[in-house]
1. Within segment 202-220, can you find the residues that are surrounded by 12 or more Cβ atoms within 10 Å (Cβ to Cβ) and within 21 Å of Gly11 (Cβ to Cβ)?
2. Have a look at Ser207, Ser214 and point out the one that is of a type in the set (S, T, N, Q) and over 20 Å from the mean Cα position of the chain (by Cα).
3. Conditions: (1) out of contact with any Cys (no Cβ under 8 Å at 6 or more places or on another chain); (2) within 13 Å of the ligand (Cβ to nearest atom); (3) of a type outside the set (A, V, I, L, M, F, W, C). Asn231 meets all but one. Number of the miss?
4. Do you know which residues across segment 25-73 are among the charged types (D, E, K, R) and either over 28 Å from Ala103 (Cα atoms) or buried (at least 18 other Cβ atoms within 10 Å of the Cβ) (or both)?
5. Could you say whether any residue in segment 15-32 is modelled with pLDDT under 95 and of a type outside the set (S, T, N, Q)?
6. Counting just the residues of segment 168-187 that are polar (S, T, N, Q) and open to solvent by less than 60 Å² (accessible area, probe 1.4 Å), which one comes out modelled with the highest pLDDT?
7. Name the single residue, out of those in segment 150-163 being in contact (Cβ under 8 Å) with a residue 12 or more places away in the chain and of a type in the set (Lys, Arg), that is most open to solvent (accessible area, probe 1.4 Å).
Amino acid sequence: MAGQIYIVGMGPGHKSMMTSEAFAVMEEADVIVGYTVYIDLVKEHFSDKEFFTTPMRQEIERCKACFDFALEGKDVAFICSGDAGIYGMAAPMFELLPEYVNADFTQDNITVIPGVTAAISGAAVLGAPINHDFCLISLSDLLTPWELIEKRLRAAIAGDFAIVLYNPSSHKRHDYLQKACDIMLAAGALPNRACGFVENIGRDGQSSQVCTLSELRDMQVNMFTTVFIGNSKTKIMGDKLVTPRGYRYE
Ligand code: SAH
């Protein structure tokens, strides 16, 4: 009989920020599949498990391995950082599934287990930066044309959303955050718009900083950073970033 595949959001990193459902699924699985960096984060808790890792850029091989294990009859926990359905592997798994469907293996063999995405865990570090309407935008143009990213940044400013930027930087894209800030400034965001960023959320070396949009433009952040752009009402309060819900305090 074919096994089950659980596509698991493991949260930002630390075990305490993983849901108990995610932990239980990993404990029950025959094999845990994931990107090498994430497997290294969870390995110590599941020392008796079979692990299968692939490096960055080999995401589709990782997905295919999950199907192969399941068709051999193994239960698979496929782990993704944060939530598996937010810039994660849940969608590719469903897109690839038709190639593997048979009498014994259907969509019912796949379950998605939610996890705490970086926007949520990072927001908690900064206080309340997304306490009103917000949107998530990834600055990675590996799978999305840069023109579309620009369009979404402009639209988010036009709608006065608070914005959470994922993938703000990489080895090849060290100036993308600067480019994104320039686009938001040109779209009408004021240079003193309240912003912040959190690095290594829930991992060793977690740190956060608040700043204005014009200061953010000149910051160097790394790929393990989530960036928050406030809406026009967001304020910096000490080392926190607070987007008002709209209550009046009289
Ligand atoms: N599925 C993940 C996102 C993957 S995209 C989630 O739901 O969180 C990768 C980007 O997510 C990184 O470039 C960074 O912007 C953000 N990110 C993921 N984990 C993070 C962490 N522990 N600390 C800071 N940013 C993180």
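The values are calculated or read from the model by the stated rules, or taken from the named source; none is laboratory data. Keep in mind the model is a prediction, meaning the values are calculated, not measured. Here the Cβ is made from the backbone with ideal geometry for all residues, glycine too, and neighbour counts use every protein chain on show. These area figures cover heavy atoms from the full protein model, side chains too; ligands, DNA and RNA do not enter into them. Shrake-Rupley method; radii C 1.70, N 1.55, O 1.52, S 1.80 Å.
1. Initial filter on segment 202-220 (surrounded by 12 or more Cβ atoms within 10 Å (Cβ to Cβ)): 202-203, 206, 208-217, 219.
Passing the criteria: Gly202, Arg203, Gln206, Ser208.
2. Numbers: Ser207 fails: over 20 Å from the mean Cα position of the chain (by Cα).
That would be Ser214, the only listed residue that is of a type in the set (S, T, N, Q) and over 20 Å from the mean Cα position of the chain (by Cα).
3. Result: Asn231 passes all but (2).
4. From segment 25-73, those among the charged types (D, E, K, R) are 27-28, 30, 40, 43-44, 48-50, 57, 59, 61-62, 64, 68, 72; that's our starting set.
Selection gives Asp40, Lys43, Glu44, Asp48, Lys49, Arg57, Arg62.
5. Yes, that holds for at least one residue.
6. Of the residues in segment 168-187, the ones polar (S, T, N, Q) are 169-170, 178.
If we keep only those that are open to solvent by less than 60 Å² (accessible area, probe 1.4 Å) too, we end up with 169-170.
Numbers: Ser169: 92, Ser170: 86.
That would be Ser169.
7. Selected residue: Arg152.
Condition check ((1) buried (at least 21 other Cβ atoms within 10 Å of the Cβ); (2) touching a residue at least 60 places away in the same chain (Cβ under 8 Å)) across all residues:
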{"residue": "Met89", "(1), (2)": "yes, yes"}
{"residue": "Leu97", "(1), (2)": "no, no"}
{"residue": "Ala118", "(1), (2)": "yes, yes"}
{"residue": "Ala124", "(1), (2)": "no, no"}
{"residue": "Gly127", "(1), (2)": "no, yes"}
{"residue": "Ser140", "(1), (2)": "no, no"}
{"residue": "Leu143", "(1), (2)": "no, no"}
{"residue": "Leu148", "(1), (2)": "no, no"}
